Structure formats: structure tokens, C-alpha cells
Amino acid sequence: MSAADGSPATRFEELKPGDRIEVEHTVTVGRISKEVKTVGTVLRIERQRHGLHFRRADDDEVASDAILLELPDGELTTVTMDEFTVLRRA
């Protein structure tokens with residue numbers, strides 16, 4: 001697998017705390033969508049289980065893969081993965 005620019009992509013499962021990565025993802029606010037690159041150091045990766053604002057069957061699990069990053073200025077941010085997110089080691 002490779003990113004759009006041809007550089008090798010990294011898989012979510014391969015990440016470890018301390019890895020420095022670049023994440024390319026789409027941020028949508030209202031009708032406006034922007035392609036954003038976020039660069040930081042991985043603090044934690046996790047699969048977050050959640051509901052979707054309505055009652056679901058007990059055995060119907062819904063989860064998102066999330067990365068907690070520390071940005072170069074010390075700010076913390078969480079990036080939630082989807083099928084269009086591209087990860088690269090920085």
C-alpha cells in the first residue's frame with residue numbers, strides 16, 4: 001500500500017507510542033471540507049467503542065480507531081481514522 005504521492009503508507013496496527021507520524025485526513029465543518037496534514041508523536045492508539053445516537057442491538061459493536069498525538073508545540077489532539085486517512089512515518 002502506498003500514499004497518493006507514492007511514499008509508503010503506515011498501517012494503524014503498526015504504530016507504537018513514540019512514533020513520529022504524518023496523518024493526511026479530511027476535516028469537514030458544515031459545508032466546508034479541507035484536506036489537512038497533522039504531524040505529531042504518537043502517545044496512544046486505541047479502538048473506541050461507541051453508539052450512534054440511537055438504540056442498537058447489544059451484540060452490534062460500533063468502534064473507531066483513534067490516535068492520540070502530541071503536536072510539536074505540546075498540544076494534544078486525537079485523530080479518528082477512516083478509510084480515506086493516510087498515515088506516514090515523519
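One decimal place: the segment Leu68-Ile32 gains 10.5 nm when fully extended, by the rule 0.36 nm per residue minus the C-alpha distance.
Compute the length gained on full extension between Glu22 and Arg49: take 0.36 nm times their separation in residues and subtract their Cα-Cα distance, giving the result in nm to one decimal. Show your work: numbers first, answer last.
Details: separation 27, 0.36 × 27 = 9.72 nm, distance 2.45 nm.
Using 0.36 nm per residue and subtracting the Cα-Cα distance, I get 7.3 nm.
For the pair Val39 and Leu76, label points projected 7 Å from Cα toward Cβ lie 2.3 nm apart. For the range 12-89, relative contact order (Cα pairs under 8 Å, six or more residues apart, normalised by length) works out to 32 percent.
Read the figures in this text as sums done on the coordinates, not as results from a lab. Just so it is clear, the model here is predicted, and its values are computed rather than measured. Reconstructed Cβ throughout: ideal geometry from the backbone, glycine too, with neighbour counts over all protein chains shown.
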